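The values are calculated or read from the model by the stated rules, or taken from the named source; none is laboratory data. Everything numeric in this text was worked out from a predicted model, so none of it was measured. Areas reflect the complete protein model, heavy atoms only, side chains present, ligands, DNA and RNA absent. Shrake-Rupley method; radii C 1.70, N 1.55, O 1.52, S 1.80 Å.
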Amino acid sequence: MKKVLIYGDSNVWGDNFLTGTRIPDQNQWPIILEGLLGNHYKILQEGLPGRLAGNEEIEKKFKNGKESFLSTFRTNAPVEHIIIMLGTNDLQIKYNKSTNQIIQDLLWYYQIIFEEFQNEENQKKFFVNCLMPKFLFVLPANFDYIENAKLIFNKESEIKRQQIIKYFKENQENFDILELNNIPLFNDGLHLNFEGHQILAHEVERFFNHE
């Protein structure tokens, strides 16, 4: 059985804007994905609301993605696949991050695993057959910066999102990417609704079809 580590934010966790709670397990895209992939895959769902790709959160440091990633990887290792779904929270107005900062923070996840892979002892212990996991970056999805989420994002946030997508599309030598521009959202203009989770699960499934 192949293992897939999904490390992300509230859209991996399954935030339900309608109730202020978590959507039912069976409606979360990582669990839907596991059903689509069948018995040959085990999904390791590591989502946290508010998680950043970087480490800019001062008051709630547990939301800093870099701080907990390596321990999360080692806890779940070895895995054949790693899916990173981060970057949206970094685009919030309050963090005032540049496009390049966010890009470098996202690339760090591949780089830190590659560094781990260079150690022979780590290869044997934390990597399947001493091979690098396959990486998929689910890039920041569309959000409603015009109306429903305008207190969180602005037009500049969207410009940066498009710049991030452009960079990854032009520099995807060592990993796959998934671009989401029209994914259905709850009325908060930020979180995937039930249909959005279904669509994302099927989109991600495509990357496993060739195995």
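Here are some notes:
- Subtracting the Cα-Cα distance of LYS150 and MET1 from their residue separation scaled by 0.36 nm leaves 49.3 nm.
- Extended-chain gain in nm, criterion 0.36 nm per residue less alpha-carbon gap, PHE114 and LYS61: 16.6 nm
- The chain: translational diffusion in µm²/s, Stokes-Einstein, Kirkwood Rh over Cα pairs, 4 °C, 1.567 mPa s: 74
- DSSP beta bridges confined to the range 1-124 are antiparallel in about 15 percent of cases.
- Fluctuation leader among GLY54, GLY38, GLY65 - the chain, Gaussian network, Cα springs under 10 angstrom: GLY38
- With every protein chain in place, the range 1-137: carbon and sulfur % of accessible area (1.4 Å): 49
- Based on protein heavy atoms only, the range 41-176 ends up with 50 Å² per residue of surface accessible to a 1.4 Å probe.
- Candidates GLU115, GLU80, GLU56, ranked by Gaussian network fluctuation over the chain, Cα under 10 Å, top entry: GLU115
- Listed residues ILE112, ILE177, ILE199, most fluctuating in the chain (Gaussian network, C-alpha, under 10 Å): ILE112
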